[in-house]
1. Note down the magnitude of the dipole of the range 110-179 about its Cα centre, charges +1 on Lys and Arg C-beta and -1 on Asp and Glu C-beta and zero elsewhere, to the nearest 20 debye.
2. With the dipole of the range 32-132 worked out from charges on the C-beta (+1 for Lys and Arg, -1 for Asp and Glu) around the Cα centre, which of GLY123, GLY95, LEU62 lies farthest toward the positive end?
3. Counting pairs on different chains as well as pairs 8 or more places apart, how many Lys pairs in the chain have Cα atoms under 28 Å apart?
4. Looking only at the chain, where both bridge partners belong to it, what percent of the DSSP beta bridges are antiparallel (to the nearest 5)?
5. Distance between the C-alpha centers of the range 241-276 and the range 64-120? Whole Å please.
6. Give the relative contact order (percent, whole number) for the range 100-219; include only Cα pairs under 8 Å separated by 6+ residues.
7. Do me a favour and compute the ellipsoid semi-axes for the chain from its Cα gyration tensor, root of five times each eigenvalue, largest one first, whole Å.
8. So for the range 137-254, taking the charge dipole from beta-carbon charges (+1 Lys/Arg, -1 Asp/Glu), which of ALA240, LEU176, THR219 sits furthest toward the positive end?
Amino acid sequence: MVIAAVNPNDVLEDASEGGAPRTGARIDIRHVSHGFALRGETLPVLDDVTLTVQPGEFVALLGPSGCGKSTLLRLVAGLEPPGKGSVEADGHVIGAPDPSRVLVFQDPTLFPWRTVRENVALGPQAQGARRGKGAVEVEARIDAALERVGLTEFAHAWPHQLSGGMAQRVALARGLVNDPALLALDEPFGKLDSLTRMRMQGELVALWQRARFSVLFVTHDVEEALVMATRVVVFSGRPARIISEVRNEAPYPRHRDDIALVELRKGVLAQLGIEV
Ligand code: ADP
């Protein structure tokens, strides 16, 4: 495990507003349907999706490519409003992006002219300046985020000097520095080689276990979903409808060849129309 052991409370209590530790967000998606205008017609993408994420839950959204998973994540992130239905965080309608809800993409998109630390510093420095927070506090949060993802030694490295996994750790640190109540990840390990991918899955679970944020994790990889999540929500092809939900009580750390996971995998694949 690359991530250094730190007490998340040291960071969270300082980072959240009012000094109180932040807990994971509760997300309520109610009867959401959504579509896109395409050549004068509407392309239906989400069909009456209702889903609640409990505070601190790790929910994987699993479904075929192009079914509408990223679109759902964008609505939860507040990047656009749903065509029909509602999306709420802790009882408040999500109307715009907010630093408490962090979205991490497949491509880490780091600024090549900024060091690792400077990339992580971008958000908090802007917010700190806006809210009149002390520079010392902001610097401490940046250091803590880098430590949490095991990148302290690479703080002054440039993006072109990083491996794919390290770059994605920077993207995670950039999110964690906001002390998120929700971490929404859109196929974050999709471009990594399989060994790095497995390592990153373990690291993300460890981060989630130490902090208390809720997780929405989009993937089309059944094993990835089952190895990480406490609940797997399975979507149909586009327009995405929820076809089933699988609770996964297996203890961590999980191994993909655990007998319980192998059985769950068969069931989920069958729901996706693949018999093994
Ligand atoms: P997934 O994440 O499950 O792979 P997406 O949510 O990215 O699927 O996309 C679902 C469908 O919506 C795809 O057919 C995609 O082409 C379409 N789509 C996504 N965003 C837009 C957009 N801004 N305008 C038009 N069509 C879009």
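1. Here the size comes out at about 240 debye.
2. Value: GLY123.
3. Taking the chain as the scope, the lysine pair count is 4.
4. For the chain, the DSSP antiparallel bridge percentage is about 50.
5. After rounding, the separation between the Cα centres reads 26 Å.
6. Working: 162 pairs, mean separation 45.4, N = 120.
Once divided by the residue count of the range 100-219, the mean separation gives 38 percent.
7. Numbers: eigenvalues 182, 102, 64 Å².
Over the Cα atoms of the chain, the ellipsoid semi-axes are 30, 23, 18 Å.
8. Selected residue: ALA240.
Just so you know, all these numbers are worked out from the coordinates, no wet-lab data involved. Note that the coordinates shown come from a computational prediction; the quantities given were computed from them, not determined experimentally. As a convention, Cβ positions derive from the backbone with ideal geometry for all residues, glycine included, and neighbour counts pool all protein chains shown.
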